[in-house]
Amino acid sequence: MSIYLGFDSSTQSLTATIIEIDGARRSVVATRTFQFDEALPSYGTRYGVLSSQDGAVVHAPPLMWAEALEVMFDALTREHDIDWARLRAISGSAQQHGSVYLNTLATDRLARLDGTQVIASQLGDVFSRATSPIWMDSSTTEDCRAIEAAVGGAAALATLTGSRAFERFTGPQIRKFAREDQASYQRTDRIHLVSSWMASLLSGGNASIDRGDGSGMNLMDLSSGQWSRAALGATAPDLDSKLPPLVPSSAIAGTLSPFWTQRFNLPPARIVAWSGDNLCSLVGTGLVQEGQIAISLGTSDTIFGVMSKPSVSDDGTGHVFASPTGEFMGMTVFKNGSLARERIRNACGLDWNSFSDVLRRTTPGNGGAMMLPWFEPEITPLVLTPGVRTTGLSEPAGPDHVRAVIEAQMMSMALHSRWMGVTPSEIRATGGAATNREIMQVAADVFGAPVQRLQQSNSAALGAAMRAWHADTLADGSPMPWSEIAAGFIDTVAGSRIAPIRENLEVYRRALQRFEDWESRVLSERYQ
Ligand code: XUL
């Protein structure tokens, strides 16, 4: 009997999922989650982030993520009756793109963490940049354009790295730092992703970056899986000496370091490379074959699927990443996800039950009224200056706003995922909002495909635990096939399959056309 631990260090919270493999029986034995704002209030985050006045600069404290691991191990070992001696491997999922900047003290400090002291007291001075820019940051447009120009244009960068330059991607973020604070950049010994930083904390040494999360940097040559000289050169001086090596997602970073084993009485389990949350969700939703699509409705909303070839999006909206299962992953990301839903819910004075009632009562297509819910700068389509746009909606906010925000989010997903060229026969749904039947009905009607909710709402933490298991069997020389790993864990919720309603299909076919025209009109007015 073996157990595996998967973490998900997301924007707002840390989750841990423990899975157990007992012969042919597989089960999730524990899941624990807490919000950073509540568990670690001294860092002063709101929804896990430190926002600037204009919303373009969004950072988070890297020490908070480290302390969160300690708080989680403390809770898991105190509250759960688990035979920890059976813990074989640990992996994790982290919000993508965020970067952690370490000075020359860090390597030694990580190796010598003292298990009798708390972690935060030992790592306060290892950062060459006090805070970490994260995926919500949209302050690097100048750097994006400069990087694209240096490698021969946006399309050339997309072919090389899987994506044109995006504001939140790590390369543009590094370029901005090197440009604005040269001295601190020079003092930087190592630049980690959130994922490799977390793996470094657990293994007590600088962990490598996995190729899945490495694809979200605009720095990796997608076809060779190595750092691209051209992209590094376009980004910042001496960057190759500051980046950890790239490794497959199944690489072993080391074993759980004495800090953790002594402090929490744990075995020296294997530490498997951490990856990005969307890559882990791909595994945790069981997408191991081309043609399957999943939507994840969390802080960000994403739509993704497996691709056998790295064909990049022509219109520059999507991303292609190296998938942990060895193929490629196509994805489109929307920033105005759960926080936009919450804003409308709050503006209408509703709870989630009454929000659902409103969706049930209002008419699909919303009588032609629509919303572009750009409360925050939007990633897809690119909107740098936030501002919600409406047409035909009542004022002040009422039931039609509830329907408008959900229809807009689903139509935007359908529209901006066309580049993947997949006509899904079924959509798997995960994330908090996937539990809402009425929201899922809109998704089914807009996509014209049944939506199936998965048993586990945190597919990223589950995917990380499944990756830990897979890598452990690989390291032992008898790798378990992905299809078998997925088969044991990916259960759909009985009765959760939501079929599209036939008469709504035509309503949304027309609505989608109107939405597409309106969105492109609004965008061209904004950018003319
Ligand atoms: C992916 C992205 C977000 C973050 C946070 O490109 O920016 O989905 O990974 O979840």
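Once the chain from Glu525 to Arg86 is taken as fully extended at 0.36 nm per residue, the excess over their C-alpha distance is 152.0 nm. Annotation: lysines with alpha-carbon distance below 25 angstrom to Lys242 (same-chain offsets under eight excluded): Lys176. Of the solvent-accessible surface of the chain, computed with a 1.4 Å probe and all protein chains present, 48% belongs to carbon and sulfur. Across the chain, the relative contact order, built from alpha-carbon pairs under 8 Å that are at least six residues apart, equals 15 percent. Spatially, region 416-482 and region 326-352 are offset by 16 Å when compared through their Cα centroids. Less than 5 angstrom separates the built amide H of Ser228 from those of Met220, Asp221, all sequence-distant by 5 or more or on a different chain.
With a cut-off of 14 Å between beta carbons, the residues surrounding Gln455 carry a summed charge of +3, where Lys and Arg count +1 and Asp and Glu -1.
On the beta carbon distance between Arg360 and Thr261, with R0 = 60 Å, the FRET formula returns roughly 0.70.
Cα centroid separation, region 22-99 to region 285-303: 22 Å.
Helices in the chain, meaning DSSP H runs of at least 4 residues, each add -39500 (n - 2.57). Divided by all residues, the mean residue ellipticity at 222 nm is -11500 deg cm²/dmol.
The stretch between Ala75 and Glu142, if pulled fully straight at 0.36 nm per residue, gains 19.8 nm over its current Cα-Cα span. Looking at region 418-528, the accessible area is 46 square angstrom per residue; that uses a 1.4 Å probe and ignores ligands, DNA and RNA. A straight chain from Leu384 to Leu350 at 0.36 nm per residue would run longer than the Cα-Cα distance by 9.3 nm. Spin-label pair Arg25-Ala130: with each label point 7 Å from Cα along the Cα-Cβ axis, the two points sit 5.3 nm from one another. Computed over neighbours whose Cβ is under 11 Å from that of Cys280, the net charge equals -3, Lys and Arg +1, Asp and Glu -1. Taking label points 7 Å from Cα along the Cα-to-Cβ direction, Ala499 and Trp518 give a separation of 3.0 nm.
Solvent-accessible surface of region 153-310, taken per residue with a 1.4 Å probe and all protein chains present: 29 Å². Taking amide H atoms as placed 1.01 Å from N in the peptide plane, the amide H of Ser93 lies under 5 Å from those of Phe7, Asp8, Ser9, Ser275, each 5 or more residues away in sequence or on another chain. Per-residue surface analysis assigns Glu290 an accessible area of about 100 Å², computed on protein heavy atoms at 1.4 Å probe radius. Computed from backbone phi, the HN-Hα couplings of region 236-241 come to 6, x, 6, 5, 4, 7 Hz, rounded to whole numbers (Karplus: 6.51 cos²θ - 1.76 cosθ + 1.60, θ = phi - 60°; Gly and Pro given as x). What FRET efficiency would be calculated for the residue pair Val507, Ser184, taking the C-beta separation as r and a Förster radius of 51 Å, to the nearest 0.05? Step by step, r from the Cβ atoms, then E = 0.40. Scalar couplings 3J(HN,Hα) for region 224-229, obtained by applying the Karplus form with A = 6.51, B = -1.76, C = 1.60 to θ = phi - 60°, are 9, x, 10, 4, 8, 4 Hz; x denotes Gly and Pro.
The values are calculated or read from the model by the stated rules, or taken from the named source; none is laboratory data. Nothing here was measured: the structure is a model prediction, and the numbers come from that model. In this analysis, Cβ positions are derived from the backbone assuming ideal geometry, glycine residues included, and neighbour counts consider all displayed protein chains. To get the accessible areas, we keep the full protein, side chains included, count just its heavy atoms, and leave off ligands, DNA and RNA. Shrake-Rupley method; radii C 1.70, N 1.55, O 1.52, S 1.80 Å.
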